[in-house]
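Take a look at the structure set out below.
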Amino acid sequence: MEFKDQLYRASKRGFDVLVSSFLLLMLSPLLLLIALLVVLESKGPVFYTSLRAGKNFQVFPFFKFRTMCADAEQRLGKLMHLNQYTKEGIHPDRTAATKEYPKEIYDEEDILIGDGFALSEEDYRKQEAEKSSFVKIKKDPRVTRVGAFLRKTSLDELPQLLNVLRGEMSLVGNRPLPLYEAEQLTTDEAIERFYAPAGITGLWQVTDRGKAVSIENRNHLDIKYAHEASWWMDLIILFKTPLAAIQREQV
C-alpha cells in the first residue's frame, strides 16, 4: 500500500525539515539546560537511545532525553506486574507476571486446561503475545525527578527532532515501536500501521494521552492514521499536541 500521493509525501518531508531545523536552533539553549540537569541528577548518558521500527519496518536509533536511572532495563522484569497494558488473564494467577502459573495440561484436542479455565493453545499464545507487546507503568519508580518533569511536559521527546531532520521520523505519524513490540504485530491488519511514517506525535497521542490505552484502540488509531492521513489531519494533530502534552497524570 502506498502512503498517500507523492505530492503529499514531498510537502510533508519539506515541512518536517524546515520546522525541525528551526526548532533545534531556537530551542538549543533549552536543550543544553535539560542535558545538564539530566547529568547532574543521575549517572549515565544524556540521551536514551533504542532501536525502533518505523515506516515499512525501517529500523533506526530513536533519541530521547534519559528520564530513568541507568539500570532501568535490568529492573523492568520485577515491575511487569504494574504494566497498564497487561490485560486480565485467563486465570486470576496470570494477572501478575511475577507469579507462577498454575499447573496446566493439553488434552488430545490441543485444549489448554488449568485450574478454572480451558481454551485452545492458539488462543492462549495470542493472549500471551498481546499481554506482553506494550509496556506502560504508572508512577514508574525507575523515573528520576527530572525525568518525571520531562515526561509530564513531553520535553523528553525533543531530541526526536534529530530523527525528523535525519529523515527517520516525521513530526506527525505513528509512534515508532521497540523491536520486541513490532514483532508482536503479525496480522495483515496490524502491520498496516507501518504504512505511515514514524512520528513524534500522532492520532492516538492526542486522543488518549495520559490514559491506559488498550492495545486494540492504539492499533486501531494507528491504522486509521495510515489510511486517512492528510494535511488537514496533520494540522489538527499538531494543534492538539501542546494541550495533550500538559497532563495531570504521569506517563
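Take the Cα of residue 40, step 7 Å toward its Cβ, do the same at residue 188, and the gap between the two points is 5.7 nm. Computed 3J(HN,Hα) for the range 173-182, one whole-Hz value per residue from the Karplus formula 6.51 cos²θ - 1.76 cosθ + 1.60 where θ = phi - 60°, is x, 9, 4, x, 9, x, 4, 5, 6, 4, glycine and proline marked x.
Which net charge results when you count Lys and Arg as +1 and Asp and Glu as -1 among the other residues whose beta-carbon is under 9 Å from that of residue 171? Counting the neighbours of residue 171, the net charge comes to -1. Under 5 Å between amide hydrogens, built in the peptide plane, is the criterion, and for residue 48 it picks out 64, 65, 66 among residues at least 5 positions away or on other chains.
Beyond 21 Å in Cα-Cα separation lie the following of the pairs 55/224; 152/224; 64/224; 12/64; 12/224; 64/152: 152/224; 64/224; 12/64.
What is the extension gain from residue 25 to residue 5, computed as 0.36 nm multiplied by their sequence separation minus the C-alpha to C-alpha distance, in nm to one decimal?
Gain in length upon complete extension: 4.1 nm.
If the chain between residue 50 and residue 162 were fully stretched, how many nm would it gain, using 0.36 nm times the residue separation less the Cα-Cα distance?
Once the chain is fully extended between residue 50 and residue 162, it gains 38.9 nm.
A Förster radius of 25 Å, combined with the Cβ-Cβ distance separating residue 216 from residue 240, puts the computed FRET efficiency at roughly 0.70.
Rounded to the nearest 20, the Cβ-based charge dipole of the range 160-227 about its Cα centre (Lys and Arg +1, Asp and Glu -1) stands at 340 debye. Working ranking of peptides 163-174, 49-60, 27-38 by packing, defined as the average number of other Cβ atoms within 10 Å per residue, highest first, is 163-174, 49-60, 27-38.
Computed from the coordinates by the stated procedures, all read-outs in this text should not be read as laboratory data. The structure displayed is predicted, hence computed values, not measured ones. Because the Cβ atoms are built from the backbone with ideal geometry, glycine has one as well, and the counts that use them run over all protein chains shown.
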